[in-house]
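S.K.: First the structure, which I've put down as structure tokens, then a few questions once you've had a look.
Each reported figure results from applying straightforward, stated rules to the coordinates on display, with no laboratory input. Just so it is clear, the model here is predicted, and its values are computed rather than measured. Please note: Cβ atoms are built from the backbone with ideal geometry, for glycine as well, and neighbour counts cover all protein chains shown.
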Amino acid sequence: MADEILVGKISSVFGIKGWVKVFSYTQPREQIFNYTPWFLAKKDGGLKSIQVLDSRKQGKSLVARLEGIETRQQAEALIGAQIKIQRSQLPPLEPGEYYWHDLIGLKVEDLSHRSLGRIAEMMETGANDVMIVRDEGREMLIPWIRDQVVKKVDLAAGKVQVDWDPEY
């Protein structure tokens, strides 16, 4: 499956009836349960499609019961497995909105078309999202503020143009 998106991982087991604890990369965290089937990345590199039969918040954790997993031992075999979904499972976005995974790896340029590096990560802060841009051992944090800082996003060309001084 070439069009897969990493949304979480199996972090631990929960109880004795095959339930697993889930670490979610989605926002909000519970959003991961809205996508089914999941595709679990196996150690050999393959993917296994699996249905989520039941899920819930359990204290500060998220837990799920998966199709075909009925014992603690079966659940233990899944610890560390990445949870992926197909891109087609994501809801469509409004114009000017982007999924973070689409931004990771894009080249970042200033208004003079000088390369500042590539987006290595995105980070959520209280005020706004922030791009972590890396280039040759250098890292800079650039706020994702549409129109003020982020001037243009061209996914097809793999570029983001920003109004940003690299000396900040």
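S.K.: Based on other C-beta atoms within 10 Å, arrange Arg65, Arg138 from fewest to most.
M.R.: Details: Arg65 19, Arg138 10.
So the ranking, lowest neighbour count to highest, is Arg138, Arg65.
S.K.: Run the dipole for the range 4-88 about the Cα centre, Lys and Arg Cβ at +1, Asp and Glu Cβ at -1, nothing else charged, and hand back the magnitude in debye, nearest 20.
M.R.: Details: 14 positive and 7 negative charges, 46 e Å.
Computed charge dipole of the range 4-88: roughly 220 debye.
S.K.: Moving on. Evaluate the relative contact order of the chain (contact order divided by residue number), counting alpha-carbon pairs under 8 angstrom at least 6 apart; express in whole percent.
M.R.: Details: 323 pairs, mean separation 31.0, N = 168.
Averaging sequence separation for qualifying contacts and normalising by length gives 18 percent for the chain.
S.K.: Same structure, new question: Need one number for the range 100-162: average projected area of the convex hull over its C-alpha atoms, nm². Numbers along the way, then the final one.
M.R.: Values: hull surface 16.2 nm².
The directionally averaged projection comes out at 4.1 nm².
S.K.: I'm spelling it out carefully: the read-out is semi-axes √(5λ) of the Cα gyration tensor in Å, the candidates are (1) 23, 20, 15; (2) 54, 17, 13; (3) 37, 15, 15, and one was derived from this structure. Which label?
M.R.: Calculated semi-axes √(5λ) of the Cα gyration tensor in Å: the matching label is (3).
S.K.: How would Lys9, Lys42 line up from fewest to most surrounding beta-carbon atoms within 10 angstrom? Don't skip to the end; give the middle numbers.
M.R.: On the way: Lys9 20, Lys42 13.
Result, fewest neighbours first: Lys42, Lys9.
S.K.: Right, next: Towards the positive end of the charge dipole of the chain, with charges on Cβ (+1 Lys, Arg; -1 Asp, Glu), say which of Leu116, Leu53, Trp164 has the farthest Cα.
M.R.: Leu53
S.K.: Then there is this: What size of dipole, in debye to the nearest 20, comes out for the chain about its Cα centre when the only charges are +1 on Lys and Arg C-beta atoms and -1 on Asp and Glu C-beta atoms? Mind showing how you got there, number by number?
M.R.: Details: 23 positive and 24 negative charges, 181 e Å.
Computed charge dipole of the chain: roughly 860 debye.
S.K.: Restricting to DSSP loop positions (anything but H, G, I, E, B) with no more than 13 other Cβ atoms inside 10 Å of their own Cβ, which chymotrypsin sites (Phe, Trp or Tyr not before Pro) remain in the range 20-111?
M.R.: On the way: sites: Phe23, Tyr25, Phe33, Tyr35, Trp38, Phe39, Tyr98, Tyr99, Trp100; in loops: Tyr25, Tyr35, Tyr98, Tyr99.
Within the range 20-111, the qualifying chymotrypsin sites (Phe, Trp or Tyr not before Pro) (loop, at most 13 other Cβ atoms within 10 Å) are Tyr99.
S.K.: Also, I was wondering about something else. Suppose we flag GluC sites (Glu not before Pro) only when DSSP calls them loop and at most 15 other Cβ atoms lie within 10 Å. Which is the longest uninterrupted stretch of the chain?
M.R.: Numbers: sites that count: Glu67, Glu70, Glu97, Glu136, Glu167.
Free of exposed loop sites, the longest segment is 1-66.
S.K.: Which one, Ala75, Phe33, Leu62, is farthest towards the positive end of the dipole of the chain when Lys and Arg carry +1 and Asp and Glu -1 on their Cβ?
M.R.: Ala75
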